[in-house]
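Colleague: First the structure, then my questions, so here it is.
The values are calculated or read from the model by the stated rules, or taken from the named source; none is laboratory data. The model shown is predicted, which means the values in this text are computed figures rather than measured ones. Quick reminder, even Gly has a Cβ in these numbers, built from the backbone with ideal geometry, and neighbours come from all protein chains shown. Areas reflect the complete protein model, heavy atoms only, side chains present, ligands, DNA and RNA absent. Shrake-Rupley method; radii C 1.70, N 1.55, O 1.52, S 1.80 Å.
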Amino acid sequence: MADVTADSLARPPGSVALSVRALRCWLLQYRRTWRASVWTSVLGPLFYLGAMGYGLGSLVDRNGTAALGGVPYVVFVAPAVLGVQAMNSGLSNSLYPVFAATRWNAIYIAARATPLRPADIYRGHLMFITMRIAMNSACFVVIMAAFGLIRSAWAVLLLPAAVLVGLAFAVPTAAWAVTLKRETNLNYPIRFGAVPLMLFSGTFFPISRLPDWIRPLAYATPLWHGVALCRALSLGTLNAGSVAIHVGYLVALTAAGLWAGSRTYPKRLYV
């Protein structure tokens, strides 16, 4: 028995166990800050949906909804807001927190003084980011259901779809943010990425309303794939081919981020 115990103590923990240890660090920190995140994570999208869906929507509905598939504007825009919220959740949890972990509070640097490897630190943080995206998205899906904005039983897949959308943004962003030396660069993904994507990815109006020359660019954006996927699930306008393309695009972007992070994290956190 003594030999078995000695062997078990000498055996190093596996990758999963080490990643969970990194996750526990972020969970402990979140226990102290979760109250502040409620306002931006839940109430912000709710007010946005009310202003755009019901405020602007009342004007849009007066002129007919044929271009929206015959549904009220708030029903059309609600799943798109879900996709936008997932994108924003992914970006907000993978920009400043990652940079802070290398510069301000140095969580990453402290973790490197433990048995945690850069890959474990990366995976543990991604687990926490996934949890935050899922929490925010779940709250919004519940709000959609409470207001009667869901028209299909396929909406049960809205939560995993939203999480995939958020990860498609969060994973590559974290792989990039860990390399930064200046905090001013953190504004670029929001200013030149999230805001234009929100305006030109079919969130508030169909892509068919855009000029012909810009539509291919809109179709190539990750947010359009996320919005189209969430909208198809919510309205029940599913097409196996289009769903496969949307999911494949988002999975490929997430996988590319994982590949990039497996290289940038060791390079930045190597001691």
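Colleague: What's the longest uninterrupted piece of the chain once you rule out the chymotrypsin sites (Phe, Trp or Tyr not before Pro) that are loop residues per DSSP with at most 10 other Cβ within 10 Å?
Modeller: The answer is 1-212.
Colleague: Now, a different point. If I model a spin label as a point 7 Å beyond the Cα along the Cα-Cβ vector, how far apart are those points for Ile109 and Met131 in nm?
Modeller: 2.5
Colleague: Averaging the inverse of every distinct alpha carbon separation and then flipping it gives the Kirkwood radius. What is it for region 64-139, in angstrom units? Mind dumping the intermediate values first?
Modeller: Working: mean 1/r = 0.0677 Å⁻¹.
After inverting the pairwise mean of 1/r, the radius is 14.8 Å.
Colleague: Using only the alpha-carbon atoms, how far is helix 73-94 inclined from the longest principal axis of the chain? Give it as 0 to 90 degrees, nearest 10.
Modeller: Its long axis makes an angle of about 20 degrees.
Colleague: If you project the alpha carbons of region 96-204 onto the principal axes, what extent comes out on each, in Å, largest first?
Modeller: The Cα atoms of region 96-204 stretch 51, 32, 18 Å along their principal axes.
Colleague: Return the loop-located trypsin sites (Lys or Arg not before Pro) in region 14-93 (DSSP other than H, G, I, E, B) with at most 16 other Cβ atoms within 10 Å of their own Cβ; answer none if there are none. Before the final figure, lay out each step's value.
Modeller: Values: sites: Arg21, Arg24, Arg31, Arg32, Arg35, Arg62; in loops: none.
Passing both the DSSP loop test and the Cβ count: no residue.
Colleague: A follow-up question, please. What is the dipole size for region 72-199, taken about its Cα centre, with +1 at each Lys and Arg Cβ and -1 at each Asp and Glu Cβ, in debye to the nearest 20? List each step's numbers first, then the result.
Modeller: Working: 9 positive and 2 negative charges, 58 e Å.
So the dipole magnitude of region 72-199 works out to roughly 280 debye.
Colleague: Here is a follow-up. Using only Cα atoms, what is the ratio of the radius of gyration of region 128-271 to 2.2 N^0.38 Å?
Modeller: On the way: Rg = 16.6 Å, N = 144, 2.2 N^0.38 = 14.5 Å.
Relative to the 2.2 N^0.38 Å estimate, region 128-271 comes out at 1.14.
Colleague: Moving on. Please work out how much length the chain gains when fully extended from Thr33 to Ser242, using 0.36 nm per residue of separation minus the C-alpha to C-alpha distance, in nm with one decimal.
Modeller: 71.3 nm
Colleague: Which whole-number value in Å² is the accessible area per residue of the chain, probe 1.4 Å? Before the final figure, lay out the partial values.
Modeller: Values: 13670 Å² over 271 residues.
For the chain, the per-residue accessible area is 50 Å².
Colleague: Roughly speaking, to the nearest percent, how much of the chain's 1.4 Å accessible area is carbon and sulfur?
Modeller: On the way: 9360 of 13670 Å².
Here carbon and sulfur together make up 68 percent of the probe-accessible area.
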